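Have a look at the structure below before the remarks.
The values are calculated or read from the model by the stated rules, or taken from the named source; none is laboratory data. What you see is a predicted model, and the numbers here were worked out from it, not measured in a lab. When we count neighbours, we look across all protein chains shown, and the Cβ atoms used for this are built from the backbone with ideal geometry, even at glycine.
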């Protein structure tokens, strides 16, 4: 092998032998290796960012060393790399830079010389590069327009318009708090760029007051579910009188959000049951707030009373309603929605609320006292207070004929049999004897002898009551019948026979039930009409018709009514008197029975008792004077009450 000049190095496995080029010596197995001169690659200038703007920076010159060594053919350990301030020093190998890893430049674009030397020789290579001190650039960004409080925030850009990358602090824009928000941009490392700030302004949304929900009954006369509502009257309250705000109203949220299709007539707006949305806009910032409130326009009910018949059939004795009397309410309102409000009910009798009558139907429990008809109304009211009372519904009272005594008298005088109907009741009656024509007169003349049937019809309310039928009426040749009337009657002390109430003609009174007749008249003398009545005494009455006196006598037992002081002296007491609804009887003995009579002796209330104190409910009977018969300790006492 031909060895180039400069240097020959011989390496022996055991011993190294040197020799002159023209006289080589080979000792055993000598390995020869040739080494070339160091080379210097092209070096890049080093650049540092002048963060303090003084023109100086600390450089690590040794960043060039790995690049230089990598360009050599021998291992890096065979070389030494040094840095110099001048070419002369580099060539001479003197005054190398002592701290090349932390060198501060002395001028901008300062030239640095680098020398690589093959260890153990003078072979070297010199390179050059410059130190560049660069001023930081300012990252630039497009400005962000003013935002509104609560809006979706834009993303802060991580790359400036002049291509600087970095991060922001804070990292995101918070629009929940109004005001100026400052953000710091820090460039990423290895970029000669400065920190910059950006201010984003968040404008506040208008502060509003939401109106309360509007709930009204549809009382404008149309009852169509719409009502005029002046929305503009709400604006001062909504905006707190802020002159920088405008308000518009909408029928749905989407229109409010998009500021589209606003209500065009807010002053005369016909509202209905729905949500009204409104948008409050600040005219300076353009920021807006939307909200809603609810309007409820409730249609009022229109109740109407209905019934199968407007006539009730009432028993004259018990006041029980026999037919009819079931009233129901129909609501005729045509509602806009399928949902009908829940209503409460209150029924009225002649304008007065009926206690406990709070259902959709009402059954008349008893007949009317002192009148032949009554007015009923019903009120329907919803939970929100929308209600209406129906017009008057007139109910008429009728009733089947109630016989007085046996219900008739028969007079047979000289072969002319006359049948007179004796009845009472609430109806207007017509009469039919057997199959004869119906007549309005209660008197039938020339009645044939034998058995007959009498039918009494009620003409009120299209025959609302069933007819009263009296059967087995026997007409024969017997004389005048006895008068008719209640066989138990009550009087105050001092009353006489003239005070006893009977139906008949030319009535006469006797002390016994029988007597002798001669020529059709009693032989026994009648009692004077001014005879004082004796308590618990039975008197017997006849009547004389057409000169013929009845052969039978009607027994009437009289009871004298004790006044309150006398009553108390007899160990019983009662109060109050007069009475409106209830009175109480107290006795030292068990009260066994209580009966209530009218002045005419008609029984209107009766029930057993088994206590020393008994309360009597008279709320269902009409006002007037009544007699109360109390049985206690097997004795009876009667007193008078005034029902108000």
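Key figures
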{"read-out": "Condition broken by residue 198, with the remaining ones in (1) within 32 Å of the chain's Cα centre (by Cα); (2) outside any loop (DSSP other than H, G, I, E, B); (3) outside the structural domain of residue 282 (by the TED database) satisfied", "value": "(1)"}
{"read-out": "Scan of region 39-56 for residues that are assigned to a strand (DSSP E or B) and buried (at least 16 other Cβ atoms within 10 Å of the Cβ), ordered by number", "value": "46, 48, 49"}
{"read-out": "Condition met for residue 153 (in contact with a strand residue (DSSP E or B) (Cβ under 8 Å, 6 or more places away or on another chain) and assigned to a strand (DSSP E or B))", "value": "no"}
{"read-out": "Residue within region 275-297 that is assigned to a strand (DSSP E or B) and closer than 30 Å to residue 365 by Cα present", "value": "no"}
{"read-out": "Number of positions in region 633-644 that are crowded, with 18+ Cβ neighbours inside 10 Å and under 22 Å from residue 366 (Cβ atoms)", "value": "2"}
{"read-out": "Those residues of region 590-632 which are surrounded by fewer than 15 Cβ atoms within 10 Å (Cβ to Cβ) and on the phi > 0 side of the Ramachandran plot, in sequence order", "value": "624"}
{"read-out": "Positions within region 57-79 being within 19 Å of residue 101 (Cβ to Cβ) and assigned to a loop (DSSP other than H, G, I, E, B), in sequence order", "value": "57, 60"}
{"read-out": "Those residues of region 607-626 which are assigned to a strand (DSSP E or B) and farther than 21 Å from residue 424 by Cα, in sequence order", "value": "607, 608, 609, 610, 611, 612, 613, 614, 615, 616, 617"}
{"read-out": "Test: residue in region 357-374 that is touching a strand residue (DSSP E or B) at 6+ places or on another chain (Cβ under 8 Å) and without any contact (Cβ under 8 Å) to a residue 12 or more places away in the chain", "value": "no"}
{"read-out": "Single match in 446, 530, 486 (criterion: in contact with a helix residue (DSSP H, G or I) (Cβ under 7 Å, 6 or more places away or on another chain), in a loop (DSSP other than H, G, I, E, B) and modelled with pLDDT of 85 or more)", "value": "530"}
{"read-out": "Criterion violated by residue 149 - all others in (1) at pLDDT below 95; (2) surrounded by fewer than 17 Cβ atoms within 10 Å (Cβ to Cβ) satisfied", "value": "(2)"}
{"read-out": "Any hit, region 253-271, residues being buried (at least 19 other Cβ atoms within 10 Å of the Cβ) and in contact (Cβ under 8 Å) with a residue 40 or more places away in the chain", "value": "yes"}
{"read-out": "Some residue of region 540-553 being at pLDDT 90 or above, touching a strand residue (DSSP E or B) at 6+ places or on another chain (Cβ under 9 Å) and farther than 13 Å from residue 480 by Cβ", "value": "yes"}
{"read-out": "Complete set of residues in region 463-483 that are surrounded by 14 or more Cβ atoms within 10 Å (Cβ to Cβ), modelled with pLDDT of 90 or more and part of a strand (DSSP E or B)", "value": "468, 470, 473"}
{"read-out": "Any hit, region 60-70, residues being closer than 17 Å to residue 48 by Cβ, buried (at least 16 other Cβ atoms within 10 Å of the Cβ) and in contact (Cβ under 8 Å) with a residue 40 or more places away in the chain", "value": "yes"}
{"read-out": "Residue that is in the same structural domain as residue 425 (by the TED database) and closer than 30 Å to residue 624 by Cβ, where the choices are 363, 409", "value": "409"}
{"read-out": "Hey, residue 459 at positive phi and surrounded by fewer than 20 Cβ atoms within 10 Å (Cβ to Cβ) or not", "value": "no"}
{"read-out": "Test for residue 428: is it touching a strand residue (DSSP E or B) at 6+ places or on another chain (Cβ under 8 Å) and crowded, with 17+ Cβ neighbours inside 10 Å", "value": "no"}
{"read-out": "Unique residue being under 30 Å from residue 179 (Cα atoms) and touching a strand residue (DSSP E or B) at 6+ places or on another chain (Cβ under 7 Å) when the list is 65, 159, 140", "value": "159"}
{"read-out": "Those residues of region 88-118 which are surrounded by 13 or more Cβ atoms within 10 Å (Cβ to Cβ) and assigned to a loop (DSSP other than H, G, I, E, B), in sequence order", "value": "93, 95, 96, 97, 105, 108"}
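Yes/no matrix, rows are residues, columns are (1) assigned by the TED database to the domain that holds residue 382; (2) within 30 Å of residue 52 (Cα to Cα); (3) in a strand (DSSP E or B); (4) in contact with a strand residue (DSSP E or B) (Cβ under 7 Å, 6 or more places away or on another chain):
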| residue | (1), (2), (3), (4) |
| --- | --- |
| 163 | no, yes, no, no |
| 167 | no, yes, yes, yes |
| 172 | no, yes, no, no |
| 185 | no, yes, yes, yes |
| 222 | no, no, no, no |
| 225 | no, no, no, yes |
| 234 | no, no, no, no |
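Table: residues versus (1) out of contact with any helix residue (DSSP H, G or I) (no Cβ under 7 Å at 6 or more places or on another chain); (2) modelled with pLDDT of 95 or more; (3) surrounded by fewer than 18 Cβ atoms within 10 Å (Cβ to Cβ).
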residue	(1), (2), (3)
340	yes, no, yes
344	yes, yes, yes
353	yes, yes, yes
356	yes, yes, yes
359	yes, yes, yes
371	yes, no, yes
392	yes, yes, yes
409	yes, no, no
413	yes, no, yes
